[in-house]
Amino acid sequence: MKDSDYAEERFREMRFRMMRDQIKRRGVVDERVLEAFTVIPRHCFVPDKFREQAYQDAPLPIGYEQTISQPFIVALMTELLHLERSESVLEVGTGSGYQAAILACLCAKVITLERIPQLVENAETTLRALGIENVSVHHADGSVGWSADAPYDAILVTAGTPQVPDALKNQLSEGGRMILPVGSYWYQELQLWKKAKGVFTYETIIPVVFVPLIGDQGWEEKPPRNTLD
Ligand code: SAM
């Protein structure tokens, strides 16, 4: 066995354990979601120096003061969307591209938006190298969504927002689901929104900590002066 084959085999085993011990054991039950976590190589989405930590249940730095989210949270958010194979999804906050790759296993098309150009480039490179072809990455302010491909069956926001952006609500299709962290600059609650017969309802899932959504319908670039906001 070549060294590189051996390393990939080891990562495959670590990935299986992550799925079993950190995701399934904590209550994610959708077999399609669990399968996606055993297929997508998280170590390819983190900087080289963090590859060995890629299968721990923790966020990791990806540069530019941003993070790849904790695997359990990625799994939980994905499961709550109940995606169908034929559906289209908008992700706001591409970061490393890992969440987009997971979504791509479960639906027809993923549009993902990122405000930091270097992260757009890195994510595109990683996704292409892995042969994932149903994800389009755009450099854009995702707080106003992406009207060109709207409406979406599901929207997933991976940065914390002070309120649910109207633009995102407007881009959700009838029967659509949206999951996003809403709250202060420093901590939020995960909210699951649903649109049925034109009416929006939401439920709160768990407390979370995400980096801020910076943009027209999110936060300003600088943290608020009142540190509790
Ligand atoms: N989903 C990512 C992954 O799988 O690696 C993790 C995303 S990280 C927690 C949040 C990302 O949202 C950061 O890369 C950040 O630059 C991006 N972001 C923040 N505000 C944004 C905005 N208005 N539009 C697009 N991306 C934004």
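The values are calculated or read from the model by the stated rules, or taken from the named source; none is laboratory data. Fair warning: this is a prediction, and the values are worked out from it, not measured in the lab. FYI the Cβ positions are ideal-geometry reconstructions off the backbone, even for glycines, and counts take in every protein chain you see. Surface areas here come from the heavy atoms of the whole protein model, side chains and all, with no ligands, DNA or RNA. Shrake-Rupley method; radii C 1.70, N 1.55, O 1.52, S 1.80 Å.
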Practice item. Do me a favour and compute the ellipsoid semi-axes for the range 29-174 from its Cα gyration tensor, root of five times each eigenvalue, largest one first, whole Å. Key: 22, 18, 14
Practice item. Sort 109-117, 2-10 for me by packing, meaning the mean count of neighbouring Cβ atoms within 10 Å per residue, highest on top. Key: 109-117, 2-10
Check your understanding: Do you know the relative contact order of the range 3-208, to the nearest whole percent, from alpha carbon pairs under 8 angstrom that are 6+ apart?
Key -> 14 percent
Review point. Of all the accessible heavy-atom surface of the range 3-208, with the other protein chains kept in place and a 1.4 Å probe, what percent is carbon and sulfur?
Key: 51 percent
Practice item. For the range 1-19 and the range 108-155, write down the distance between their C-alpha centroids in whole Å. Key: 28 Å
Study note, to complete from the structure: Probe 1.4 Å, heavy atoms of protein chains only: per residue, the accessible area of the chain in Å² is 49 Å²
Check your understanding: What size of dipole, in debye to the nearest 20, comes out for the chain about its Cα centre when the only charges are +1 on Lys and Arg C-beta atoms and -1 on Asp and Glu C-beta atoms?
Key -> 460 debye
**Study point:** Gyration tensor verdict on the range 100-180 (Cα atoms; rounded if a/c is under 1.5, prolate if a/b is larger than b/c, oblate otherwise)
**Key:** oblate
Point to revise | Descending semi-axes in whole angstrom, ellipsoid equivalent of the range 134-205, from the Cα gyration tensor | key: 19, 17, 10
Practice item. Just order 53-65, 175-187 by mean Cβ neighbour count inside 10 Å, highest at the front, would you? Key: 175-187, 53-65
Check your understanding: By how many degrees, between 0 and 90 and to the nearest 10, does the Cα long axis of helix 117-129 differ from the longest principal axis of the chain?
Key -> 50 degrees
